[in-house]
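Everything on this sheet refers to the single structure shown next.
The values are calculated or read from the model by the stated rules, or taken from the named source; none is laboratory data. Since this is a predicted model, take the numbers as computed values, not measurements. Positions of Cβ are generated from backbone atoms using ideal geometry, with glycine treated the same way; all protein chains shown enter the neighbour counts. Quick note on the areas: whole protein, heavy atoms, side chains included, nothing else; ligands and nucleic acids left out. Shrake-Rupley method; radii C 1.70, N 1.55, O 1.52, S 1.80 Å.
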2 protein chains.
Amino acid sequence: MKNSLGREIPEKIAGRVLRPFEGAFATTPTGRKAARPQKFIGPNENKVLHSIEEAIEATGLKSGMTVSFHHAFRNGDYLVNMVVDACARMGINDLRLFPTALFPVHEPVIDHIKSGVVTRIEGSMNGPIGAFVSQGGKLAQPGILRSHGGRWRAVEAGDVHIDVAFIAAAQADPYGNANGIYGKTPCGPISYSAIDAQYAEKTVVVTNDLAPYPAYPFEIQQGWTDYVVVVDEIGDPNSIASGTLQITRSPTRLKIARLAAAAVKASGCIVDGFSFQGGAGGISLAATKYVGEEMARAEIVGSFAIGGVTKYLVDILHKGLLRVILNGQAFDLAAIESMRHDQNHVLMDPGHYANYDSRGCSTYMLDAAFLGATEVDLDFNVNVNTHSDGQLLHGIGGHQEVAAGAKLTLITVPTLRGRLPVIVDSVTTVTTPGEVIDVIVTERGIAINPRREDLKERFVAAGLPVRELAEMKTEADRLTRPPRKPVFGDEVIALIEWRDGTVIDVVRRVEGWQ
Amino acid sequence: MKNSLGREIPEKIAGRVLRPFEGAFATTPTGRKAARPQKFIGPNENKVLHSIEEAIEATGLKSGMTVSFHHAFRNGDYLVNMVVDACARMGINDLRLFPTALFPVHEPVIDHIKSGVVTRIEGSMNGPIGAFVSQGGKLAQPGILRSHGGRWRAVEAGDVHIDVAFIAAAQADPYGNANGIYGKTPCGPISYSAIDAQYAEKTVVVTNDLAPYPAYPFEIQQGWTDYVVVVDEIGDPNSIASGTLQITRSPTRLKIARLAAAAVKASGCIVDGFSFQGGAGGISLAATKYVGEEMARAEIVGSFAIGGVTKYLVDILHKGLLRVILNGQAFDLAAIESMRHDQNHVLMDPGHYANYDSRGCSTYMLDAAFLGATEVDLDFNVNVNTHSDGQLLHGIGGHQEVAAGAKLTLITVPTLRGRLPVIVDSVTTVTTPGEVIDVIVTERGIAINPRREDLKERFVAAGLPVRELAEMKTEADRLTRPPRKPVFGDEVIALIEWRDGTVIDVVRRVEGWQ
């Protein structure tokens, strides 16, 4: 069957009937969420264990089960490998991994796929695991990629049943209250896992810093936590940031950031109460900084900003240009430090900021947001998951929720990356539909979605270089050699879910390149 | 049938099969909690309404439904009366009220019971409504009294289905994030209602202080809130405190408080990491102060204290004698002020501190706790609900959870109130079973539960007046005339639930007095 974007979607995969995407807000959830398991403990019981193996035994983790993780340690995470290795040693196989995201550090999982320890993955597969699966590495079922809010929704809706949630915590107390803000190796919010902790049959907090009771903030609560495992090391704090934290020095990219900030200004939303999403790519960091400068120049006070939070956003808060930062994800230590000290830097879980099945997300209150893309197409559809060579290399993050929510969503991209064109006729994979994208900002100009004709006059009046997307594409195409095109097989290796649980696209195996 | 305390319990009431109490930790919950309703909103929808009537229409509230409330405004609350009055005006009747607690300010509800607008009440009935029901005022079904944690549990377990939750908020934003800490008339934590907000078919936040988005802390979350009603006044801040905030000046009661603090000290728990529950009765306030003095003298730092929080507990925090206050209920403005400024004064919802159906409560981590009683008996059973005249006049609060959790639970009571004896052969109503009471402290001495023989030696060594309960009873009885005894009818007017959902006792109608 075809979804409303014309993408071909299988009717069923692994016995599961798929719902095709029909529009950004086409689904109206009704009925009830899934029911959470009852839990119990009497007084004076000890939850503390001293190895992953003990936790695997205590939770009754067996072959065929689903284990979940968060990605707050990003490319510094040790826990996924620790758990999967321990399962392998203990003869447990056929696992479904349900991480928020896997990173290059999790490359050892590939061997566990080959040996049948891991047979299914639902979660982002950044880098090598995505490439492995794209190129023929066999999972028993296609992967499922979900946005931050979409994953929260899926657990609540009962789409995914978690047997054991393993939650890396920078700090935890012996009763299972846990957070990512304090401790020896702080990683920022870990409340991605708050929904796992509530829905999993068993919840295991794993920490390298066991603090006296009570450890707070209560990102993970004692009432949800079955066991607390104390280990020596839980992650490499130097790799948490994933190298995303330098403002770009590329003149082209700085130009894009400047144009993006100018577009926000021209749209008229930089007034008291202004709200925006920062983001952590090189262009986004620069745009965040420039928007802060526009706020200062306009002498306004914004209402709130959301991240990935970095020191650039914290600076804007500290200058008094912003009332509140809502933090669902911290990308540097300055952001974490600010969470400890600034009362108006507030923890927010993905349910709060992004859950489609709720009475409202923080992203719906955003005036403006900057987002990236690997590709954009002439229908304004955006791809952040695959590259033009067809390989699945990135997750969705909060892209869908921010784009769907913000009144002004700007995609900031160069028209060329190396010799690869970024503007294409039709994106390899649709992550986010054109209907929720307002503006695409490149170094060659600003393209306005025809749905937002209202912006055109403002941008032109402000002297901004408003251009047609097709025109910029033609210009860029002249400077590039035709990219090597993937030859896809029939086999679907991953589903890309829209945040409401429908399938917006699929990723097929790459059999070779033209 | 009889429960394990020998109290006669009906097998069924209003079609509901009752489970008899069998012990403080006899129930092991299994299976799943109730499922929460799905909720949805698109961007750019407005939740703000301007009257209770509009909210009643918008939520579809009809005759026969259940409406819920919290009691953070205590005897200053306006909301219950506003909603019930509006329902009466709109021809809605047969309502079940599901408040955490009703207070004397809610006396107008009596007229609504008489006229059939209100036919059932599940919640504490402090004062006039309890007396009215005790003396023959007709509800269609017996009331059900639950502890803070028991009420949370009941909602999660599906024992009570809420149609519309009305949540008084000292501050809310237009999207439904709400708290009791800020605003024009702060009342302290409102997170009693967090579970209502998640389980109710419709959730209505009512505030007299609509703040710009985002209002925080997120005690009530936007994702749970259907409507935000803005009204001129929501409660009388001068009546929030309920007059519980003066340290007693009675020499007898000060003596009890001093003995209680000395007993805590003698038990050996005032060492680094000490934790205790404060409480807000006149004796408890004094005992809290004295325990603080013992902590200072011992030069220790306690781990945490829970409340009802008052300035006496905040003083101990500010002196550095305590690492953390966990606040589920604030009894004075000093406590609320501290929550705004002290990062180690942490909000805690009743699920966190008291829910039986969870992997652990904060009360289970308490070393010592001071609690009151209307009566105690020779089996150490405690009554806080009825008076010796049989009338239902008080709620349970957190009594059951604190007593069940603390390693050392002290009941602090005078042996006489006026000419009424407090120590009786058998309490009129069992609220909390003797098995979880360790010590009863009166002005005549300290009685130790036979289960806690280990304490005896320590107390005697410390020179404390250890005595038999029966002995103190005999002494006191000599000074009193026999109290007027109630003549009970057969009709059960209220069930007293133990925190696990079993019935620990029933309250029968008072037909007269001997």
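Please label the shape of the stretch B:370-483 as rounded, prolate or oblate, based on the square roots a ≥ b ≥ c of the eigenvalues of the alpha-carbon gyration tensor (a/c under 1.5 means rounded; beyond that, a/b larger than b/c means prolate, else oblate). Here the stretch B:370-483 falls in the oblate category.
In straight-distance terms, cross-link reach from A:LYS114 covers every one of the lysines whose alpha-carbon lies under 22 Å from its own, apart from those fewer than eight places away in the same chain; here that gives A:LYS62, A:LYS138. Note on B:ASN44 and A:LYS485: with the Förster distance fixed at 51 Å, the Cβ-Cβ geometry gives a FRET efficiency of about 0.80. Dividing the Cα radius of gyration of the stretch A:46-239 by its Kirkwood radius returns 0.94 for Rg/Rh. With the charge dipole of the protein assembly as shown set up from +1 on Lys and Arg Cβ and -1 on Asp and Glu Cβ about the Cα centre, the Cα lying farthest toward the positive end among the listed residues A:GLN277, A:ASN381, A:PHE21 is that of A:GLN277. For the stretch A:363-425, the list of trypsin sites (Lys or Arg not before Pro) that fall in a loop by DSSP and count at most 10 other C-beta atoms within 10 angstrom reads A:ARG419. Across the stretch B:244-486, the convex hull enclosing all Cα atoms gives 119 Å³ per residue. Working note: 222 nm ellipticity from helices only, DSSP H runs with n ≥ 4, each -39,500 (n - 2.57), summed and divided by the residues of chain A, gives -7000 deg cm²/dmol to the nearest 500.
Along the stretch A:485-501 the Karplus relation, 6.51 cos²θ - 1.76 cosθ + 1.60 evaluated at θ = phi - 60°, assigns HN-Hα couplings of 9, x, 9, 8, x, 6, 5, 7, 9, 7, 9, 9, 7, 6, 4, 9, x Hz to successive residues, with x for each Gly and Pro. Global size of the protein assembly as shown: 30.5, 107 Å for Rg and Dmax (C-alpha atoms, Rg to one decimal, Dmax whole). Within the stretch B:1-50, the residues that become at least 50 Å² less accessible when every protein chain is included than when their own chain is isolated (1.4 Å probe; DNA, RNA and ligands ignored) are B:ARG32, B:LYS33, B:ALA35, B:ARG36, B:GLN38, B:PHE40, B:ILE41, B:PRO43. Label-point spacing for A:GLU491 across the identical copies (point 7 Å from Cα in the Cβ direction), in nm and ascending order: 7.4. Summary for B:ASN238: label point 7 Å along Cα→Cβ; distances to the equivalent points in the other copies, ascending, 6.5 nm.
Rg and Dmax of the stretch A:46-133, both derived from C-alpha coordinates alone, stand at 12.5, 43 Å. With 15 Å as the cut-off, how large is the P(r) tail for the stretch B:242-282, expressed as percent of Cα-Cα pairs? In whole percent, the long-distance tail amounts to 52.
Inter-chain Cβ neighbour count for A:348-359, averaged per residue, equals 5 (cutoff 10 Å, partner chain atoms only).
Loop sites here are GluC sites (Glu not before Pro) outside DSSP states H, G, I, E and B with no more than 16 other Cβ atoms within 10 Å. The longest part of chain A free of them is A:46-232.
Checking the a/c ratio against 1.5 first, then a/b against b/c, what shape does the Cα gyration tensor give for chain B? Judged from the Cα gyration tensor, chain B comes out oblate (a/c at least 1.5, b/c at or above a/b). A dipole drawn for the stretch B:46-239 from +1 and -1 charges on Cβ atoms has a positive end, and of B:VAL117, B:SER193, B:PHE132 the residue lying farthest that way is B:PHE132. Label points for A:SER63 are taken 7 Å from Cα along Cα→Cβ. From this copy to the others they lie 6.3 nm apart, shortest first. Qualifying trypsin sites (Lys or Arg not before Pro) in the stretch B:266-320, where qualification requires a DSSP coil assignment and no more than 16 other C-beta atoms within 10 Å, comprise B:LYS319.
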